[in-house]
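The values are calculated or read from the model by the stated rules, or taken from the named source; none is laboratory data. What you are looking at is a predicted structure, and each value in this text was computed from that prediction instead of being measured. Note that each Cβ is placed from the backbone with ideal geometry, even for glycine, and that neighbours are counted across all protein chains shown. Ligands, DNA and RNA are excluded from the accessible area calculation, which covers all protein heavy atoms including side chains. Shrake-Rupley method; radii C 1.70, N 1.55, O 1.52, S 1.80 Å.
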Amino acid sequence: ADKALLTEGGQEIIDDGNAGGSSILSEVISFELLARCEGATLIKTETEIEYDPQGKITDLLVEIDGLKIGVSVTRAYRGPNNPYSLEAAQDLLADKLADILVSSANVVEGDRWSKQILHVVAYGPDYADFIVQAWEDMDDPDLEGVRADTIVVVTVTDGADGFAY
């Protein structure tokens, strides 16, 4: 019902769909934030980005300040009977950052981005705190290669946000 309130890029993400799963609304949230706060424009959605070989994929290809940026979106959330923890945040970041390295290595030249953003949509402030702590813990030299030069953005959703998870 609120589709008309989205940017043109947000509407395209809805129209194009995604490669599976229930993450399309969090991808729209991510794009809308980047478009409205950073002036991002949508270049390609996840089903349009090309790779060789196929493997892990990135959710969005956007342009910010004339640069192609890959955007991978994930959600920091667990149900009420399964509280979120630092360990869950560490596992999430380790998995997603490793996937970013793979998608960055395999993206075709025409879609190649100069940098990737990992956008974490967090259910609440305590979830975001765990993500920040997990990121800081990755200063460990053993994990240096996984962090690479990825930018991590954390957005906390509060209120009537159940649809995003």
Part-to-part distance (alpha-carbon centres) for the range 75-140 and the range 47-64, which is given in Å: 17 Å
Size of electric dipole in the chain: Cβ of Lys, Arg +1 and of Asp, Glu -1, about Cα centre, debye, nearest 20: 240 debye
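Label the chain by shape, choosing from rounded, prolate and oblate, from the square roots a ≥ b ≥ c of the eigenvalues of the Cα gyration tensor; if a/c is under 1.5 it is rounded, and otherwise prolate applies when a/b is larger than b/c, oblate when it is not.
Oblate.
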Around Thr58: net Lys/Arg minus Asp/Glu count, Cβ-Cβ under 10 Å: -2
Separation in nanometres of the label points that stand 7 Å from Cα toward Cβ, at Val108 and Glu87: 4.3 nm
Enclosed volume per residue, in Å³, of the convex hull spanned by Cα atoms of the range 1-71: 82 Å³
Label point distance in nm, Leu33-Glu12, each placed 7 Å from Cα along Cα→Cβ: 2.1 nm
DSSP beta bridges in the chain [antiparallel fraction, %, rounded to 5]: 40 percent
Inter-label distance, nm, simple model (7 Å from Cα along the C-beta direction), Val153/Asp129: 2.5 nm
Protein accessible area in the chain, 1.4 Å probe - carbon and sulfur %: 50 percent
Selection from Leu92, Tyr77, Phe130, by position along the positive dipole direction of the chain (Cβ): Tyr77
Sequence ranges 60-66, 82-88, ranked by mean other-Cβ count within 10 angstrom, highest first: 60-66, 82-88
